[in-house]
1. Enumerate the pairs (first residue in the range 75-94 and of a type in the set (Val, Ile, Thr); second residue anywhere and modelled with pLDDT under 95) with beta-carbon separation below 6 Å, excluding pairs fewer than 6 apart on the same chain, so at least 6 apart or on different chains.
2. Is one or more of the residues making up the range 46-60 modelled with pLDDT of 95 or more and under 14 Å from the mean Cα position of the chain (by Cα)?
3. Would you confirm, using the coordinates I've provided, whether Val192 is over 27 Å from Gln61 (Cβ atoms), at pLDDT below 95, among the aliphatic types (A, V, I, L, M) and not in a loop (DSSP other than H, G, I, E, B)?
4. Restricting attention to the range 88-111, and to residues there that are out of contact with any Leu (no Cβ under 9 Å at 6 or more places or on another chain) and surrounded by fewer than 16 Cβ atoms within 10 Å (Cβ to Cβ), which single residue is modelled with the lowest pLDDT?
5. With a cut-off of at least 1 residues that are under 20 Å from Ser83 (Cα atoms) and not acidic (Asp, Glu), name the strands (runs of 3 or more DSSP E) lying wholly within the range 107-157.
6. Condition first: surrounded by 13 or more Cβ atoms within 10 Å (Cβ to Cβ) and more than 17 Å from Asp112 (Cα to Cα). Now tell me which residues in the range 128-166 satisfy that.
Amino acid sequence: MTFTRKMMVLAAVPALLLTVTAAPASAHGYVSTPMSRQAQCMSSGGVTPVVPCGDIQYEPQSVEGPKGLHSCDGGLDKFKDLSDDGKPWKAAKVGTSVAFTWTFTVRHATRDYQYFIGDKLLRTVDAGGKAPEGIVTHTVDLSGYTGKQKLLAVWNIADTPMAFYNCVDLEVGAAAPAAVRAPAAKSFWRSVSDFWKSV
């Protein structure tokens, strides 16, 4: 390689590095429990979709759009199925305290997680700019809500202007009541002692 060609290659390196740095976040994730709409669409890995969908069935973790949206599809036309409220989405039967679990395929520095019903922000969980270490679960209080609700869960990336969007269909107040625990059986010797006391 001639000296001139070497200089041209070296001159191109800063521009290449700038391009790589400015690329969108490679992190991906979605709410897996209760099943978000993209989780209900998923067909990868031999999983049969709960609800028939388009492209999102192959990449439920990829609903990435600019921060500040309030949409199920992240503003992406190819994932517009997620914003179709006419589809037969299965609403998870929950109480007023619900644990939402995120599954990540690639982790990334995180600003925070936000949970909305309509335009009302229910909870923000600050992540301090750190990448999730594994599966992440947050509990959200849904007191004051009953019946069918559509909750929007947002994962805001720390070092890009992007976020990941998930809509979760819920039926609040429909969770089965906790089972009543039977009284503990007395031990044999306690029963004998009670017998002699009663004689």
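1. Hits for this filter: Val94/Ala175.
2. Checked against the condition, which is being modelled with pLDDT of 95 or more and under 14 Å from the mean Cα position of the chain (by Cα), the range 46-60 yields no hits at all.
3. Judged against the criteria, Val192 is a match.
4. Looking at the filtered set, the residue picked out is Val106.
5. Output list reads 110-117, 120-126, 147-157.
6. Hits for the range 128-166 are Leu142, Tyr145, Gln149, Lys150.
The values are calculated or read from the model by the stated rules, or taken from the named source; none is laboratory data. Small disclaimer: the values here were computed from a predicted structure and weren't measured. Counting neighbours? That spans all protein chains shown, and the Cβs are built from the backbone with ideal geometry, glycine included.
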